[in-house]
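Structure, as structure tokens:
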Amino acid sequence: MAKLYFNYSSMNAGKSTMLLQANHNYNERGMNAQLYTSELDTRFGNDEITSRIGLKKKSNIFTTKTDIYSDILNKNNEVSVDCLLIDEAQFLTKEQVTQLGMIVDKLDIPVLAFGIRTDFQGNLFEGSKYLLAWADNLKEIKTVCHCGRKATMVLRINDKGQVIEDGMQIEIGGEDKYVSVCRKHFFEKNVG
């Protein structure tokens, strides 16, 4: 029986690495996993999921307008889809999270979504909010704050390493723009 899984964390916890490992496991068994990532993250190219440790794989792209259910339904008519793997799941819309549920419930295809839970102001992303509410299985992927505690939050920084408190929710970046910290250091605005 298929399920909707949401694997979440702050930045730099290895989400993309875990997704690529899951894809490898499906492929190794002769199964077909479909990979999707957001059009917003173009740091490593437009149609590729890339981990910080150098693993990468070509991927389908989703925008806020992509009907993922129809996409998978059409692909499944051509060749059996055994699993759907979503990177940057925080950028999904509420409607797309509903579609992921339909893929699980109507097509009996497991969906593994990987994403960041909260933004640099401590607010839930839309995709994360609905995945936290509707996923069958939630798994926190842990990473560490500079103090050694579990990092659950992110701070946005400028090029001088100073904390930025205002701005648009979405600004793509990696270690150059974000630092994962524990809740205490999030409220203290302490990047370490």
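The values are calculated or read from the model by the stated rules, or taken from the named source; none is laboratory data. Computed from a predicted structure; not experimentally measured. Ideal geometry is used to build each Cβ from the backbone, glycine not excepted, and the neighbour counts take in all protein chains shown.
Taking the stretch 3-46 as the search range and keeping residues that are of a type in the set (Asp, Glu) and assigned to a loop (DSSP other than H, G, I, E, B), which one is surrounded by the fewest Cβ atoms within 10 Å (Cβ to Cβ)?
Looking at residues that are of a type in the set (Asp, Glu) and assigned to a loop (DSSP other than H, G, I, E, B), I get Glu39.
I'd like to check something: does the stretch 85-97 contain any residue that is in contact with an Asp or Glu (Cβ under 6 Å, 6 or more places away or on another chain) and at positive phi?
Yes, the stretch 85-97 contains at least one residue that is in contact with an Asp or Glu (Cβ under 6 Å, 6 or more places away or on another chain) and at positive phi.
State which residue is surrounded by the fewest Cβ atoms within 10 Å (Cβ to Cβ) when the search covers only the stretch 151-169 and only residues that are assigned to a loop (DSSP other than H, G, I, E, B) and charged (D, E, K, R).
So in the stretch 151-169, the residues assigned to a loop (DSSP other than H, G, I, E, B) come out as 152, 158-162, 165-169.
Still in the running and charged (D, E, K, R): 159-160, 165-166.
On the way: Asp159: 7, Lys160: 5, Glu165: 9, Asp166: 7.
Looking at residues that are assigned to a loop (DSSP other than H, G, I, E, B) and charged (D, E, K, R), I get Lys160.
Being over 24 Å from Leu20 (Cβ atoms), touching a strand residue (DSSP E or B) at 6+ places or on another chain (Cβ under 6 Å) and touching a residue at least 24 places away in the same chain (Cβ under 8 Å), is that true of even one residue in the stretch 141-150?
yes
Could you figure out which of (1) without any contact (Cβ under 8 Å) to a residue 60 or more places away in the chain; (2) closer than 21 Å to Phe6 by Cα isn't true of Glu165?
(2)
For Leu84, are the conditions met, namely being at pLDDT 95 or above, out of contact with any Ser or Thr (no Cβ under 6 Å at 6 or more places or on another chain) and either in a loop (DSSP other than H, G, I, E, B) or of a type in the set (A, V, I, L, M) (or both)?
The answer is yes for Leu84.
Restricting attention to the stretch 74-106, and to residues there that are more than 19 Å from Lys58 (Cα to Cα) and among the hydroxyl-bearing types (Ser, Thr, Tyr), which single residue is surrounded by the fewest Cβ atoms within 10 Å (Cβ to Cβ)?
Thr98
Taking Ile72 as the residue in question, decide whether it is without any contact (Cβ under 8 Å) to a residue 60 or more places away in the chain, hydrophobic (A, V, I, L, M, F, W, C) and assigned to a strand (DSSP E or B). Working first, answer last.
Working: without any contact (Cβ under 8 Å) to a residue 60 or more places away in the chain: yes; hydrophobic (A, V, I, L, M, F, W, C): yes; assigned to a strand (DSSP E or B): no.
No, not satisfied.
Could you tell me whether the stretch 170-187 includes any residue that is in contact with a strand residue (DSSP E or B) (Cβ under 8 Å, 6 or more places away or on another chain), under 27 Å from Gln21 (Cα atoms), without any contact (Cβ under 8 Å) to a residue 12 or more places away in the chain and of a type outside the set (Ser, Thr, Tyr)?
No, the conditions are met nowhere in the stretch 170-187.
Find the residue count for the stretch 170-190, including only residues that are modelled with pLDDT under 90, crowded, with 17+ Cβ neighbours inside 10 Å and assigned to a loop (DSSP other than H, G, I, E, B).
Residues that pass the stated criteria total 1.
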